[in-house]
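Inspection log for the structure reproduced underneath, given as C-alpha cells.
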Amino acid sequence: MLPRQTRTMTKLRELALRNSSTNSIVGNQLKHRHGFHIIRQTCTEFPRKLKKTERKPWVTNINELKRIGRAERKERQIVRERILQPPQNGLLVKELIPVAHQVNADRIQLFTCVSKVAQSIAIYSCSVCGEVHIGHRPHKIRTCNVMGSAASKEHCWRRGAVEHVLPLVESFHLYDRLGRAVSHNERLQVDRIPAILELCVQAGIDLPEYPTRRRVFPAYSISGRVIDFEKRFPKEDAPGKDIYACGFWQKRNNISDDNKSVDMQPCDLQGTAVRGMEAWERMRSGASRLMETYAVQTCGYCSEVQVGPKGHRVRNCQAYKHQMRDGQHAWQEATIDDVVPPVYVWHVRDTQSEKPLVNGLKKYYGMLPAVLELFAQAGASVPNDYVVMMREDVAVPEWDEEKLVV
C-alpha cells in the first residue's frame, strides 16, 4: 500500500497524461483538417512559374518511361514483324478527322472573336518582362522581376495586341510524319506553322499550301524499324503541285487570311465574347482529344514544340544547360498548355472602377487566362473550372482596412 502522498501524485500524473493524450488527439484532428484545407488550397492555387533551372513536369512517370524503353529494346532484339495501329502505321484515325476539322474551325473563330473584342477592351503588355494586363487601368502590382527591370519592380506598360493574348506556338510542318526528323541544316528550308494547325493537318485536314503524305497501305515495324512498302511518291501525289517555295525569309499571310475568312454577323460585344468563350473551350477539349492519339513533343526547358512521334534535331535551345546538349532540345511528352499556352493575368472584378489593382492587396486578387479575362470583361460567363481561381468569394478590403484583416 502506497502512502497517500504517493497515490495522490500518481493520480495527478495519470490525469495529466489523459489530458495530454486528449489534447494530442484534438490537435491531430485540427492538424488534419488544417492540412486538408491546405491541400484544397494548393489544388486551386495559381500556376507556379517554373525557375530557369527547373524542368517541366513529366506527363508519364519517369519509371514507367524506363520500363517502356526496356521493353522496346527487348522487342527489337527479336527479328519479327509487328503490326502497327493507326496512326503509328501512317494511316489516319477516321474517328478523329471530324474532330480535327472542328478544332481548326474553332481556332479561326477564336482568333476572329479576340480580334473584335480587343478593339473595345484595352490590352497592355510590359515591355520588360512581357506580363499582360486586360483592362483600361494597368495594375500597380510590382512583379517585374527580370534582368533589366527597375529597382521598384514596377512594369513599363505599352499597348498590346492579339498576339499577347493568344501567343503563337509554331512547329515544323512534316510532309511525312513517319519520316526522319528535321535536321539542323534544314531549319531554314522547312516551313513553320502554328502547332495547333499542324496537329489538325496530321489528324486529317488537307491544306493545299501545306501538302502532307496520306498513305493508302499501312507501314510495318520489323526489329524496331518502320518498313514502308508503299511508293515514295504515288502518281496522284504530285511533288511540286501547290507548293510555294517561300523558305524562311519570306513570310506568308495564309494563316492570317485564313483567320480573317470567318465573317462575324454584326452583333453586340457580349455575343461575340460568348461565342469566343465557347470556341476556346471546344478548341482545347478537341486538341486534348487529338493529343491522346497523335503524339506531340515539347522541350523540357523551353517553349519549343514539335508535332509528331519524335522531336526535331535543330540545335536552337538556349535554356538551362543547353551547352551539355549541344543546343539540342530535351524532348518529352507535351500537354495542351504547351500547344495552346494560357497567359495568366490578374482578374479585375469591377471594370467600371478607376482604381487600379495595388501591390499591397495582391493576395486578395484572382487570376484568369488572358483570353477568358478578355471575354469576361466583355460580358461572357467564365466556365466553372476557373471560378475558384477568380477568387470572387474573397472580399477585398480597402487600403486602410488591410492592416485590420485577421
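The values are calculated or read from the model by the stated rules, or taken from the named source; none is laboratory data. What you see is a predicted model; the values in this text were computed from it and never measured. Glycine also receives a Cβ, built like all others from the backbone with ideal geometry; neighbour counts cover every protein chain displayed. Just so you know, the surface numbers come from the protein's heavy atoms only, side chains and all, with ligands and any DNA or RNA stripped out. Shrake-Rupley method; radii C 1.70, N 1.55, O 1.52, S 1.80 Å.
With respect to Glu75, is the statement that it is in contact with a strand residue (DSSP E or B) (Cβ under 8 Å, 6 or more places away or on another chain) and either aliphatic (A, V, I, L, M) or at pLDDT 65 or above (or both) true? Here the answer is yes, as Glu75 does meet what is asked. Of all the numbered requirements in (1) out of contact with any Ser or Thr (no Cβ under 8 Å at 6 or more places or on another chain); (2) within 19 Å of Leu168 (Cα to Cα), Lys321 misses one, and that requirement is (2). Picking from residues in region 71-89 that are among the aliphatic types (A, V, I, L, M) and exposed (fewer than 13 other Cβ atoms within 10 Å of the Cβ), the one that is nearest to Arg177 (Cα to Cα) is Ile83.
Please go through region 90-113 and pick out each residue that is under 27 Å from Phe217 (Cβ atoms) and either open to solvent by 80 Å² or more (accessible area, probe 1.4 Å) or without any contact (Cβ under 8 Å) to a residue 60 or more places away in the chain (or both). Hits for region 90-113 are Lys94, Glu95, Pro98, His101. When region 132-178 is limited to residues that are within 22 Å of the chain's Cα centre (by Cα) and of a type in the set (Gly, Ala, Ser), the one that is modelled with the highest pLDDT turns out to be Ser171.
Given the criteria open to solvent by 70 Å² or more (accessible area, probe 1.4 Å) and closer than 19 Å to Leu269 by Cβ, does Lys116 qualify?
On the way: open to solvent by 70 Å² or more (accessible area, probe 1.4 Å): yes; closer than 19 Å to Leu269 by Cβ: yes.
Yes.
If you go through region 308-340 and keep only what is closer than 23 Å to Arg213 by Cβ and crowded, with 20+ Cβ neighbours inside 10 Å, you end up with Gly308, Gly311, His312, Val314, Ala334, Val339. Within region 351-406, the residues that satisfy the criterion of being of a type in the set (Val, Ile, Thr), in a loop (DSSP other than H, G, I, E, B) and either surrounded by fewer than 16 Cβ atoms within 10 Å (Cβ to Cβ) or modelled with pLDDT under 90 (or both) are Thr351, Val358, Val394, Val396, Val405, Val406.
Which of the residues spanning region 119-130 are open to solvent by 10 Å² or more (accessible area, probe 1.4 Å) and either under 29 Å from Leu290 (Cα atoms) or free of Cβ contacts under 8 Å to residues at least 40 places away in the same chain (or both)?
The answer is Gln119, Ala122, Tyr124, Ser127, Val128, Cys129, Gly130.
For region 158-177, the set of residues classified as closer than 23 Å to Leu357 by Cβ and either open to solvent by less than 20 Å² (accessible area, probe 1.4 Å) or touching a His at 6+ places or on another chain (Cβ under 7 Å) (or both) consists of Val165 only.
Which of the residues that make up region 178-230 are among the charged types (D, E, K, R), open to solvent by 50 Å² or more (accessible area, probe 1.4 Å) and either touching a Phe, Trp or Tyr at 6+ places or on another chain (Cβ under 7 Å) or over 29 Å from Arg73 (Cβ atoms) (or both)? Of everything in region 178-230, those that are among the charged types (D, E, K, R), open to solvent by 50 Å² or more (accessible area, probe 1.4 Å) and either touching a Phe, Trp or Tyr at 6+ places or on another chain (Cβ under 7 Å) or over 29 Å from Arg73 (Cβ atoms) (or both) turn out to be Arg187, Arg192, Asp206, Glu209, Arg214. Considering (1) in contact with a Ser or Thr (Cβ under 7 Å, 6 or more places away or on another chain); (2) in a loop (DSSP other than H, G, I, E, B), the lone condition that Leu188 does not fulfil carries the number (1).
Only a single item in (1) touching a Leu at 6+ places or on another chain (Cβ under 9 Å); (2) open to solvent by 40 Å² or more (accessible area, probe 1.4 Å) is not met by Trp346, and it is number (2).
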